Every structure is written in structure tokens, then in C-alpha cells.
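The values are calculated or read from the model by the stated rules, or taken from the named source; none is laboratory data. Please read all numbers here as calculations on a predicted model, not as lab measurements. Counting neighbours? That spans all protein chains shown, and the Cβs are built from the backbone with ideal geometry, glycine included.
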């Protein structure tokens with residue numbers, strides 16, 4: 001719903017358009033025609049110029065480079081056709097390891113993130129003391145830098161002097177080597193992602209909740225529906241479009257997860273994502289291939305396959321969204 | 001806000017950005033025209049590492065002697081990996097690199113393939129300086145087709161740094177001669193570690209498996225095959241080179257004896273390990289003394305000492321200075337590189353950050369040879385490190401040495417985390433081959 005605002009012309013738009021027509025009386029008709037015909041293109045030109053330089057050209061170049069063996073170590077560039085893609089899809093366990101990690105961390109972070117956001121938003125939707133303070137407070141993590149969050153969480157999850165292991169030790173559980181164990185590392189990284197994004201999603205849910213008509217709740221209360229019942233039978237169905245929106249945003253962010261797992265290891269070899277690649281994501285693998293192994297052509301192929309993967313998941317999301325909205 | 005206004009504003013922003021980009025590139029064009037050598041010249045020197053290269057005094061001196069030259073240094077505090085990634089992109093793109101750039105021993109081979117992007121320093125009289133460098137160092141800085149790519153700065157001659165206070169508490173000797181006598185070989189080093197571990201449950205003997213492994217490998221390869229993961233024809237021989245297996249097995253033996261502190265080298269935890277004094281020894285190429293001093297800080301002054309390393313000496317690390325062709329002032333840059341890598345320059349860097357000179361003249365200079373390091377309990381570091389440096393044989397490192405090394409290091413970290421050493425060796429072979437592809 002809120003997305004539509006950007007594209008729909010506001011009611012006042014007509015008045016705006018009338019003005020140039022009146023001014024045209026003082027100019028030759030041909031110039032006016034030219035102005036009307038071409039100036040819109042001129043207005044959009046800067047965007048497309050920048051798009052061409054910073055998006056279209058790199059995308060085209062990625063496609064080209066993925067079909068070559070380009071590397072700074074090779075004096076010449078030779079065309080290798082689809083070899084890079086064949087190797088990537090059939091003979092590269094490290095790539096598939098990165099795919100599994102990425103999807104694993106995506107699920108592990110997104111599900112609790114959205115659930116928690118819903119619960120928080122529901123709590124904040126009630127009458128509270130210092131309401132504004134709490135609403136502001138949950139949004140605070142968004143303005144922190146991802147790198148700083150990752151660095152601090154890395155210290156919290158440090159093996160020897162970390163806060164979490166110290167707490168575990170207090171309650172009598174042994175310390176966990178958070179970087180050695182695959183699930184432990186996924187969990188740790190997911191908490192970083194969630195700490196940063198729960199508040200953002202909660203705020204979006206809260207905004208949507210406040211647009212739900214109070215009459216519905218009053219009617220339900222009169223009928224004797226409990227708070228819980230109201231939440232599941234009124235709030236959730238009314239929030240569906242918003243939930244789909246947050247799901248799509250989380251998908252795009254989740255599949256490109258990079259900074260948190262990268263900075264989870266400090267020192268040398270961070271891009272490997274753990275000693276056995278326990279938390280190496282696809283984007284990290286991409287940079288590993290490009291910057292450590294200098295296989296630029298192959299890195300191009302990884303980038304394109306990542307693009308296709310995101311497109312695929314987005315398609316699934318879209319179909320899901322369509323089904324849910326037709327349920328309504 | 002109505003949509004048209006918003007769009008207009010966006011367009012204005014976009015137009016403004018285009019204008020900024022255009023002017024920025026125009027500026028770039030301008031500066032390329034001022035390549036005359038008479039006008040004031042700013043030379044950018046790219047270095048890496050937490051301590052930098054210790055050149056500050058040398059810059060001041062050079063600027064005083066050459067009033068038309070201003071020197072600007074970048075990269076201090078940047079890790080080698082990040083530095084090298086950036087440099088590779090800059091060299092390939094042909095812009096953005098400094099006028100003088102540092103190349104590390106493990107990465108210079110990668111730039112042999114791009115030697116056409118660097119100034120052949122022989123064109124600037126570098127061949128006359130050949131005698132100023134150890135023969136093997138000179139050889140490493142020269143491409144297979146005879147171009148002088150880089151002038152040597154330092155070598156990573158090896159010793160062992162140890163905490164004498166922890167040794168004393170564990171009932172081990174503390175005198176550096178007696179300590180060296182404890183470990184003529186690496187096996188005896190591990191045996192000493194076991195004695196230490198029996199007496200001291202609180203501290204570990206070694207900082208990490210990877211430092212240990214790299215030092216052992218470079219040493220064994222230096223007196224053995226003369227290469228590591230790649231042979232001299234750049235063929236990946238990770239499975240065939242017995243030196244790698246020997247170093248790997250020694251390392252896993254050290255880990256299974258429970259001696260490693262399991263710290264990822266150059267990580268925050270590793271740094272904290274120095275500060276908190278959690279380990280008693282660290283394999284110590286000359287440049288490591290600067291790292292220890294920087295990380296352990298004043299509180300640990302006098303607690304560290306240096307002894308001869310087990311085995312036959314060896315080299316790990318050390319750098320070169322090169323001049324990319326993209327520099328607008330290649331002549332001045334080459335002169336600066338020659339100055340910084342001169343015997344005098346190397347001596348000065350040694351005094352500042354402990355990087356051992358690669359020049360025989362500097363090594364013989366009393367300022368190096370007779371030097372003691374206050375921080376390391378007045379150890380005669382000049383004598384200890386220089387001892388093996390002159391008659392070392394170079395170890396050839398292939399173009400993707402760092403990628404393969406990282407893959408192998410990761411398997412050792414997995415062993416530290418409790419995975420099976422035999423399985424991880426198989427992973428090392430497999431991942432090493434994938435990384436070297």
C-alpha cells in the first residue's frame with residue numbers, strides 16, 4: 001500500500017501542468033512543442049546516465065567477464081564459454097557450502113526476527129507509559145553501523161574473553177567455540193542480524209497496526225474475544241500485505257549477507273568464513289574467489305548465479321504473496 | 001510533497017552528481033600534465049602492517065635533501081591481505097596505486113605476471129646496487145625475464161621469542177643461550193613445551209598453529225626443496241612436496257600435545273593474548289618483534305626475550321619497494337625507492353620497527369650487528385637474527401601462494417578446534433588445490 005504513494009500522481013498535479021501551457025503564449029509554438037516532447041526525457045536523463053555507468057555497464061561487463069578466464073595473473077584474456085558455470089554448478093563444493101550457509105542463516109535469522117517484531121509491535125501498540133521513548137528505542141539499532149555491530153558481537157562471542165561464554169560459565173555450562181561449530185556460528189551471526197533489524201520491522205508492523213480501525217477491536221471485545229484472539233483474528237489478517245513486504249526485504253538482505261559473517265572472524269583469513277567455511281556466505285565466497293584466488297572470470301559467474309538465485313527466491317515470494325492476497 | 005517537485009529535486013541531485021564526477025575526472029586529467037621534474041612533486045608511498053615500515057624519519061630527511069619533493073604515506077595499520085587486494089586492483093586498473101608501493105615476499109611473485117605495469121628499476125640504475133642486497137633477496141625482486149621489479153627492504157630471518165618470566169615460573173632456564181640449547185630441533189621444542197605445560201596449567205606454550213606452521217615450513221623448505229606449494233615452473237605440488245607434509249605433521253603434533261593457544265593470528269583475540277600474556281612463546285621472524293612490542297605494550301617490557309629458533313634458520317616474510325608505471329613521477333619515485341631501500345634506510349627502519357635489513361652492508365653496520373633490543377630484555381637481536389640471514393637459500397613462492405596458504409592454514413585452525421588431523425590433511429590437499437586453480 002505505502003509503496004503506491006510514490007507513483008500515483010497527487011490530486012494537485014493537474015494544476016502544476018497547467019502553468020507551462022499558459023506561459024507558452026509568449027514563446028514560438030515549435031519551441032513549446034519541443035519542450036513538451038523532449039524535456040521529460042531530459043529530466044530523466046541524469047538518472048539513466050548514472051544507471052548506465054554504475055549499473056548497466058557493470059552488469060554487462062559481469063556477463064562478459066563470466067565467459068572468460070580474466071585474471072590479473074594472466075597476460076591475455078581468453079574466451080572460455082560456459083566453462084565457469086559448468087565448473088561452478090558441477091564441481092565446486094565450496095560454492096554449494098556457501099549456498100547452504102546463506103539459506104541456513106537466512107531462515108535462522110528471518111523467522112525469529114519477524115516473529116519478535118510482531119510481538120514487539122503488538123506490545124507497543126497498547127497504551128504505555130513513555131510510549132514514544134519505547135518506540136524510538138526499538139528503532140535505534142538501525143542507525144548503528146553494521147561493522148560496529150559485527151565487531152562488538154564478535155567480542156561478545158569471543159572464545160576466551162567473551163561475554164556469552166562467561167555467562168554460560170556462570171550457569172555451569174561449558175564454553176562454546178562459536179566459530180568452530182556450524183550451528184553455533186549461524187546462531188551467533190543471526191543474533192547480530194536480528195538485533196539490528198527487529199526494531200525496523202517492528203516499526204513497520206506498528207505503523208500498519210495503527211491503521212487498523214479501532215471499531216473492529218471494539219466489536220470483537222463486545223463479542224467477548226480475548227486479547228490473544230483479537231491478535232490472531234484481526235491484527236494478523238490485517239497485516240498480511242505488510243508481512244509480505246518485510247519478508248521480501250528480509251529475503252533480499254538475507255541472501256546478500258556479508259558484513260556480519262565477514263567481521264565475525266578478525267585477523268587473517270576472515271573471508272574464508274571459519275576454518276571449514278562454516279559461515280562463509282555466497283557474497284563472501286564471491287570475494288574470496290575474486291580477491292584471494294584472482295579468478296575474476298569465475299567470480300563473475302558466481303555473481304550471476306547469485307543474481308539468478310535471488311530472482312528465483314523473489315519469484316517464490318511473489319507467488320506466495322499473490323496467493324495470500326487472493327485468500328483475502 | 002508533490003511528485004513533480006520531488007522528481008525535479010532528484011533530477012537536480014543527479015545532475016549535480018554528474019557535474020561533480022565530471023569535474024573530478026577533469027582534475028585527474030590536469031594533474032597528469034604536470035609530470036615535469038622541476039615543479040613540486042608529491043610522492044605517495046604505500047605500505048602495510050600495524051607498525052608500518054618505520055620510515056617517518058627517512059621521509060623527513062629525504063624531504064630536507066630534496067626541497068621539491070613532498071612524501072605522503074598510506075596504509076599503516078592495514079593488514080597485508082586487504083592491502084594486497086587493493087594493490088592488485090589498482091595495478092590492474094592502472095591507476096590509484098602509490099608512486100612507491102611495498103610488495104611482500106609472498107605476493108611479489110603474483111606481480112611477476114604484471115611486470116609490464118611496473119617500472120623496470122634497472123632503467124634507473126638499480127643494477128649498480130645489486131651488491132647492496134643479499135643475493136637471494138635480489139633474485140626474489142627480479143622477474144624471470146630479468147626485470148628489476150622491486151628493491152628489497154627487509155628479510156624475515158627467524159628466531160624464537162619467549163616470555164622469560166613464564167619460563168622461570170615453570171622451572172625452565174631463562175638465559176637465551178640455555179633456552180636455545182633446549183630446542184636444537186622442533187621435536188625437542190615440542191618436548192620442552194610439554195614440560196612447560198606440565199608445570200604451568202594457566203598459560204599455553206605457543207600462540208597459534210599457523211604461525212608455528214609457517215615458520216617451520218619456510219625453514220624446512222629453505223634447506224630442502226627450495227619451494228613450498230608451487231614448484232619453480234608454477235605447478236601446484238602441495239601433495240608431492242614432502243616438506244609441506246613434514247611441517248604439517250609437526251604442527252598437528254604440537255596441537256595434539258595441547259600446546260597451542262588456538263588464537264587466530266592477527267585477530268583481536270591474538271592481540272588480547274599478547275596483552276594478557278596468555279602464551280609463552282611465538283615463532284619470531286624479525287618483523288614479529290615489532291608486532292610483539294606494539295601489541296604487548298609497555299606493561300610487558302623486559303618480560304620477552306629472543307633465542308635462536310630450532311632447526312637451521314630460515315626466512316618468512318620481508319618486503320620490496322616497487323614503482324608502478326601509473327606513477328606520474330616515476331623518476332623521482334625510483335630515486336625515493338632507492339633511498340628507502342639503501343643500507344642506511346634499512347638500518348633506520350630496523351631501529352624503528354625491528355625489520356631486519358636485507359643489505360649485507362646494513363647487516364654488518366654496528367648499528368644493526370651490535371644492537372640490542374631494550375624491550376626484549378636487551379637481547380642482542382642484531383646478532384641473533386643476522387646470524388642465519390646471509391647464507392639463506394631463497395624459498396620460491398608461487399603466484400597464488402597466499403590463497404593456497406590460507407586454505408591450508410584454515411585446516412590447521414580446524415585441527416585446533418578439535419577436528420581430526422588426518423581428515424584435515426585431506427581437506428588441505430583438496431582446498432589447497434581448489435584455491436590454487
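Descriptive notes on the structure:
- Where helices (runs of 4 or more DSSP H) sit wholly within region B:257-372, those with at least 1 residues that are within 14 Å of chain A (Cβ to nearest Cβ) occupy B:268-276, B:286-296.
- Flag if residue A:258 is more than 14 Å from chain B (Cβ to nearest Cβ), modelled with pLDDT of 90 or more, touching a helix residue (DSSP H, G or I) at 6+ places or on another chain (Cβ under 6 Å) and within 21 Å of residue A:183 (Cβ to Cβ): yes
- Checking region B:278-287 against the condition returns a match, with at least one residue being surrounded by fewer than 22 Cβ atoms within 10 Å (Cβ to Cβ) and modelled with pLDDT of 90 or more.
- Some residue of region B:58-74 being within 24 Å of residue B:156 (Cα to Cα) and not in a helix (DSSP H, G or I): yes
- Residue check for residue A:247: without any contact (Cβ under 8 Å) to a residue 60 or more places away in the chain and either outside any loop (DSSP other than H, G, I, E, B) or away from chain B (no Cβ under 12 Å) (or both): no
- Scanning region B:75-84 for residues that are surrounded by fewer than 18 Cβ atoms within 10 Å (Cβ to Cβ) and either in contact with a strand residue (DSSP E or B) (Cβ under 8 Å, 6 or more places away or on another chain) or part of a helix (DSSP H, G or I) (or both) yields one hit, B:82.
- One residue from A:85, A:51, A:47 being in a helix (DSSP H, G or I), modelled with pLDDT of 95 or more and either more than 20 Å from residue A:283 (Cα to Cα) or away from chain B (no Cβ under 14 Å) (or both): A:85
- Subset of region B:312-333 (residues that are in contact with a strand residue (DSSP E or B) (Cβ under 9 Å, 6 or more places away or on another chain) and more than 24 Å from residue B:398 (Cα to Cα)): B:327, B:328, B:329, B:330, B:332, B:333
- Screening region A:88-118 for residues that are in a helix (DSSP H, G or I) and closer than 28 Å to residue B:92 by Cβ and picking the one that is nearest to the other protein chains (Cβ to nearest Cβ) gives A:94.
Residue-wise test of (1) at pLDDT 95 or above; (2) crowded, with 22+ Cβ neighbours inside 10 Å; (3) within 25 Å of residue B:110 (Cβ to Cβ).
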| residue | (1), (2), (3) |
| --- | --- |
| B:201 | no, no, no |
| B:222 | no, yes, yes |
| B:225 | no, no, yes |
| B:231 | no, no, yes |
| B:234 | no, no, yes |
| B:239 | no, no, yes |
| B:247 | yes, yes, yes |
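- Number of the exception - residue B:217 against (1) free of Cβ contacts under 8 Å to residues at least 60 places away in the same chain; (2) under 30 Å from residue B:78 (Cα atoms); (3) more than 22 Å from the chain's Cα centre (by Cα): (3)
- Residue check for residue B:110: at the interface with chain A (Cβ under 9 Å from one of its Cβ atoms), in a helix (DSSP H, G or I), touching a residue at least 24 places away in the same chain (Cβ under 8 Å) and closer than 30 Å to residue B:217 by Cα: yes
- Just one of the listed residues (A:75, A:56) is outside any helix (DSSP H, G or I), without any contact (Cβ under 8 Å) to a residue 12 or more places away in the chain, surrounded by fewer than 15 Cβ atoms within 10 Å (Cβ to Cβ) and in contact with a helix residue (DSSP H, G or I) (Cβ under 9 Å, 6 or more places away or on another chain), namely A:75.
- If only residues of region B:66-95 that are within 14 Å of chain A (Cβ to nearest Cβ) and touching a helix residue (DSSP H, G or I) at 6+ places or on another chain (Cβ under 7 Å) are counted, the one that is nearest to residue B:52 (Cα to Cα) is B:84.
- Residue among B:430, B:437 that alone is within 14 Å of chain A (Cβ to nearest Cβ), without any contact (Cβ under 8 Å) to a residue 24 or more places away in the chain, closer than 30 Å to residue A:181 by Cα and in contact with a strand residue (DSSP E or B) (Cβ under 9 Å, 6 or more places away or on another chain): B:437
- One residue from A:102, A:76, A:146 being under 27 Å from the mean Cα position of the chain (by Cα) and modelled with pLDDT under 90: A:146
- Tally, over region A:153-163, of residues that are assigned to a helix (DSSP H, G or I) and touching a residue at least 24 places away in the same chain (Cβ under 8 Å): 2
- Residue that is farthest from the other protein chains (Cβ to nearest Cβ) [pool: residues in region A:278-293 that are assigned to a loop (DSSP other than H, G, I, E, B) and either crowded, with 24+ Cβ neighbours inside 10 Å or under 22 Å from the mean Cα position of the chain (by Cα) (or both)]: A:281
- Within region B:142-170, the set of residues being farther than 23 Å from residue B:275 by Cα and either assigned by TED's automatic domain parsing to the domain that holds residue B:208 or in contact (Cβ under 8 Å) with a residue 40 or more places away in the chain (or both) comprises B:149, B:150, B:151, B:152, B:153, B:154, B:155, B:156, B:157.
- Failed condition for residue B:137, given (1) in contact with a strand residue (DSSP E or B) (Cβ under 6 Å, 6 or more places away or on another chain); (2) more than 14 Å from chain A (Cβ to nearest Cβ); (3) at pLDDT 95 or above: (3)
- Enumeration of residues in region B:37-57 that are assigned to a loop (DSSP other than H, G, I, E, B) and free of Cβ contacts under 8 Å to residues at least 40 places away in the same chain: B:38, B:39, B:40
- Flag if residue A:183 is part of a helix (DSSP H, G or I) and at pLDDT below 90: no
- Within region A:142-152, considering residues that are assigned to a helix (DSSP H, G or I) and in contact (Cβ under 8 Å) with a residue 12 or more places away in the chain, the one farthest from the other protein chains (Cβ to nearest Cβ): A:142
- Enumeration of residues in region B:407-423 that are part of a helix (DSSP H, G or I) and either more than 14 Å from every other protein chain (Cβ to nearest Cβ) or in contact (Cβ under 8 Å) with a residue 60 or more places away in the chain (or both): B:408, B:409, B:412, B:413, B:415, B:416, B:421, B:422
- Restricting attention to region A:161-179 and to residues that are crowded, with 16+ Cβ neighbours inside 10 Å and over 24 Å from residue A:111 (Cα atoms), the residue that is farthest from the other protein chains (Cβ to nearest Cβ) turns out to be A:165.
- Qualifying residue in region B:386-398 (condition: in contact (Cβ under 8 Å) with a residue 12 or more places away in the chain, closer than 21 Å to residue A:288 by Cα and more than 11 Å from chain A (Cβ to nearest Cβ)): yes
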